[in-house]
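First up is the structure itself, then whatever we jot down about it.
The values are calculated or read from the model by the stated rules, or taken from the named source; none is laboratory data. These numbers come from a predicted model, not from an experiment. FYI the Cβ positions are ideal-geometry reconstructions off the backbone, even for glycines, and counts take in every protein chain you see.
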């Protein structure tokens, strides 16, 4: 499966997320051919096409809230119906909410031991 290409709008929104997080430990890079956000080498967000996938932790209040966003779904990077249970993919239409959920994902990444 080819890696989905992100639109300029989605890439700009990702940059806004980084700016709104305001954390110098957050780095933007690439992994699996996709733009990602990491903290101390731990990926907590991934742009796949025009969807932002965030690691929020299955069963957490943040995960449940993200799944309640219209058109949100579990992140299935390979498109093989094997989604990552801890990750929620939010559509570009929900981009105003991306920073809120990215902050939650960053908080979880801070708790993840290296």
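The residues on offer are 53, 58, 45, 66, and the sole one that is crowded, with 16+ Cβ neighbours inside 10 Å and outside any strand (DSSP E or B) is 66. Screening residue 10 on (1) within 14 Å of the chain's Cα centre (by Cα); (2) on the phi > 0 side of the Ramachandran plot; (3) in contact (Cβ under 8 Å) with a residue 60 or more places away in the chain shows it passes everything except condition (2). Checked against the criterion of being in contact with a helix residue (DSSP H, G or I) (Cβ under 6 Å, 6 or more places away or on another chain) and either closer than 20 Å to residue 4 by Cα or modelled with pLDDT under 95 (or both), region 101-112 has no qualifying residue.
Residues checked against (1) under 11 Å from the mean Cα position of the chain (by Cα); (2) at pLDDT 95 or above:
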site: 4; (1), (2): no, no
site: 18; (1), (2): no, yes
site: 51; (1), (2): yes, yes
site: 70; (1), (2): no, yes
site: 94; (1), (2): no, yes
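When region 71-94 is filtered for residues that are in contact with a strand residue (DSSP E or B) (Cβ under 8 Å, 6 or more places away or on another chain), loosely packed, with under 13 Cβ neighbours inside 10 Å and in a loop (DSSP other than H, G, I, E, B), only 71 remains. Take region 7-25 and flag every residue that is assigned to a loop (DSSP other than H, G, I, E, B) and either touching a helix residue (DSSP H, G or I) at 6+ places or on another chain (Cβ under 7 Å) or more than 18 Å from residue 105 (Cβ to Cβ) (or both). 7, 23 - these are the residues of region 7-25 that are assigned to a loop (DSSP other than H, G, I, E, B) and either touching a helix residue (DSSP H, G or I) at 6+ places or on another chain (Cβ under 7 Å) or more than 18 Å from residue 105 (Cβ to Cβ) (or both). Within region 82-91, not a single residue is in contact with a helix residue (DSSP H, G or I) (Cβ under 8 Å, 6 or more places away or on another chain) and in contact (Cβ under 8 Å) with a residue 60 or more places away in the chain.
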